[in-house]
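Structure, as structure tokens:
The values are calculated or read from the model by the stated rules, or taken from the named source; none is laboratory data. Computed from a prediction, not measured in an experiment: that's the story for all the values here. We place every Cβ from the backbone using ideal geometry, glycine too, and count neighbours over all the protein chains shown. Accessible surface is based on the protein model in full, side chains and every heavy atom, while ligands, DNA and RNA are left aside. Shrake-Rupley method; radii C 1.70, N 1.55, O 1.52, S 1.80 Å.
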Amino acid sequence: MTGPGARRPQAANRDLTSPHQRFGARLQRPKSAANLQARVIEQETRTLAEAFARVSADGSVAAAAATVVAARRRFVAGTGKAFAYASLLAVDLSAGLSNVTLVDGTLVRHVDVLADVRDSDVLVAISLRRYRRETVALAERFAAAGGTVVAVTDAAGSPLTAVAGQSIVVPTDSASFADSPTAVAAVIHLLATLTTASAKGARRRLAERDRLADELDIYWEG
């Protein structure tokens with residue numbers, strides 16, 4: 001459908017705010033598994049291409065990487081499904097950088113971080129719709145205490161962008177009941193790569209980790 005009354009696919013996608021709504025609109029009566037698979041693959045490919053085009057054009061990932069490298073301490077936070085993305089980013093960053101802390105809400109609680117924020121600290125806060133209050137509140141208070149917030153989110157109107165010094169906006173359009181994780185994971189991978197590549201001592205740190213892994217016999221080598 002085209003013309004003045006047509007809805008842009010992205011706008012229609014944003015109207016489906018819950019997994020239940022998206023299931024009803026997209027998956028209630030699939031014609032076949034093969035047809036659904038083709039639609040999902042096609043949409044994921046488009047979403048990933050859009051994400052890479054966007055961050056290449058706006059420079060948001062490169063700018064965020066420079067901010068993370070310059071920080072003395074780096075905190076990474078996400079709640080619910082976003083915690084998986086936060087864990088991925090924290091693990092990859094910690095391979096090449098020191099002072100990377102995953103705020104997991106248990107061993108490292110929000111209150112622990114907020115009680116000792118310094119102006120040289122950065123928080124990478126990841127939150128996607130339906131934005132969890134815990135992450136937004138942490139970002140608000142972290143910024144108010146003088147720290148720098150880098151947001152990874154899915155819309156310019158996300159509540160995180162209002163408090164973040166820098167924002168990376170990643171499209172999550174999907175043919176599934178779940179918003180697409182593909183571009184989010186890819187952009188996080190890009191952020192970790194650019195950050196580590198420009199970090200002093202990253203090569204030495206990675207080499208030392210390899211040495212320790214061999215010494216401790218951590219990995220199964222077939």
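Summary table
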quantity	calculated
Added length on full extension, which subtracts the Cα-Cα distance from 0.36 nm per residue, Ser56 to Thr106	14.4 nm
Mean separation of Cα contacts under 8 Å, 6 or more apart, over the residue count of the chain: relative contact order %	26 percent
Listed peptides 204-214, 173-183 by packing density, highest first (mean Cβ within 10 Å)	173-183, 204-214
Cα centroid separation, region 55-115 to region 183-201 (Å)	11 Å
The chain - percent of accessible surface contributed by carbon and sulfur, probe 1.4 Å	56 percent
Highest to lowest packing among 42-49, 148-155, 97-104, scored as the average C-beta count within 10 Å	148-155, 97-104, 42-49
Surface accessible to a 1.4 Å probe, per residue, for the residues of the chain, Å²	56 Å²
